[in-house]
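Asks: After the structure tokens below, expect a handful of questions from me.
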Amino acid sequence: MHDRQKYWDQIYQTKQPGEVSWTQEQPVTSLNFIHSFPISKKAPIIDVGGGDSRLADYLLAEGYEDITVLDISEEALKRAKKRLGEKADRVKWVVSDVTEFTPDTTYEVWHDRATFHFLTTPEQISRYISIAYQNVNGFLAIGTFSEEGPEKCSGLPIKQYNEALLQAELANKFDKIRCITEDHVTPFQTKQNFLFCSFKKHRDN
């Protein structure tokens with residue numbers, strides 16, 4: 001994990017939110033997917049690869065009480081904590097590579113915008129899905145670059161997905177609920193096409 005952690009720490013140390021493509025002022029699509037799940041405000045939610053995303057800010061403002069943000073970059077989480085101020089104490093912060101994540105609890109919602117597509121080997125993908133399955137009681141919401149989206153992000157190769165490919169990767173553990181595609185407008189006013197899908201955990205495995 002160390003090399004990847006160092007890579008992402010350097011990005012967050014040297015670039016401001018307006019200088020990275022993934023920045024969103026308001027994570028509308030992520031919130032819409034979370035709102036679509038039949039959960040209470042007390043349900044445990046984890047934002048995987050959340051970095052300094054504003055999703056936690058909005059979830060707190062809406063009254064969600066059990067929020068965890070995981071990221072490989074400690075620098076990213078420091079930035080999010082600073083922005084949230086005293087409210088940061090209401091969030092659990094975890095520094096970890098998601099493929100090495102060993103949570104001590106389970107989650108009702110596993111949200112991931114733009115982490116899964118950085119996993120480019122079958123071993124990484126299998127590990128991720130296994131960890132999610134073991135530690136999620138309810139739902140997944142995953143956003144990846146679509147086949148119309150970029151082939152790299154921050155200089156790293158990614159794996160593009162269409163609805164069928166993403167469903168196939170998760171089919172043994174999760175049932176697809178719905179998928180959408182949308183253009184994310186970056187701070188540089190370029191467009192990146194994303195695929196967002198929601199899933200529900202199998203109960204018969």
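The values are calculated or read from the model by the stated rules, or taken from the named source; none is laboratory data. Quick caveat: nothing in here was measured; it's all calculated off a predicted structure. Cβ coordinates were reconstructed from backbone atoms using ideal geometry, including for glycine residues, and neighbour counts include every protein chain displayed.
Conditions tested, residue by residue: (1) exposed (fewer than 14 other Cβ atoms within 10 Å of the Cβ); (2) within 22 Å of Lys201 (Cβ to Cβ).
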residue	(1), (2)
Lys82	yes, no
Trp93	no, no
Tyr107	no, yes
Ile125	no, yes
Ile129	no, yes
Leu156	yes, no
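Asks: Please report, ordered by residue number, the strands (runs of 3 or more DSSP E) entirely within the range 91-205 with at least 3 residues that are under 25 Å from Arg79 (Cβ atoms) and either at pLDDT below 95 or not hydroxyl-bearing (Ser, Thr, Tyr) (or both).
Replies: The qualifying strands (runs of 3 or more DSSP E) are 91-95, 107-113, 136-145, 191-201.
Asks: Do we find a residue being under 18 Å from Phe33 (Cα atoms) and in contact with a helix residue (DSSP H, G or I) (Cβ under 7 Å, 6 or more places away or on another chain) anywhere in the range 114-131?
Replies: Within the range 114-131, one or more residues are under 18 Å from Phe33 (Cα atoms) and in contact with a helix residue (DSSP H, G or I) (Cβ under 7 Å, 6 or more places away or on another chain).
Asks: With Thr144, Thr190 as the choices, which residue is of a type in the set (Ser, Thr, Tyr), surrounded by fewer than 15 Cβ atoms within 10 Å (Cβ to Cβ) and within 27 Å of Gln26 (Cα to Cα)?
Replies: Sole residue among the options that is of a type in the set (Ser, Thr, Tyr), surrounded by fewer than 15 Cβ atoms within 10 Å (Cβ to Cβ) and within 27 Å of Gln26 (Cα to Cα): Thr190.
Asks: What is the residue count in the range 51-75 for residues that are in a helix (DSSP H, G or I) and out of contact with any strand residue (DSSP E or B) (no Cβ under 9 Å at 6 or more places or on another chain)?
Replies: Adding up the residues that qualify gives 4.
Asks: Mind checking which pairs have a first residue in the range 150-174 that is among the acidic types (Asp, Glu) and a second that is part of a loop (DSSP other than H, G, I, E, B) and surrounded by 15 or more Cβ atoms within 10 Å (Cβ to Cβ), Cβ under 7 Å, 6 or more apart or different chains?
Replies: That search, which allows pairs on different chains as well, returns Glu151/Ile158; Glu151/Gln160.
Asks: Would you confirm whether any residue within the range 118-125 is more than 23 Å from Asp52 (Cα to Cα), touching a residue at least 40 places away in the same chain (Cβ under 8 Å) and under 17 Å from the mean Cα position of the chain (by Cα)?
Replies: Yes, some residue in the range 118-125 is more than 23 Å from Asp52 (Cα to Cα), touching a residue at least 40 places away in the same chain (Cβ under 8 Å) and under 17 Å from the mean Cα position of the chain (by Cα).
Asks: Shifting gears a bit: State yes or no: is Lys78 of a type in the set (Lys, Arg) and under 27 Å from Glu182 (Cα atoms)?
Replies: no
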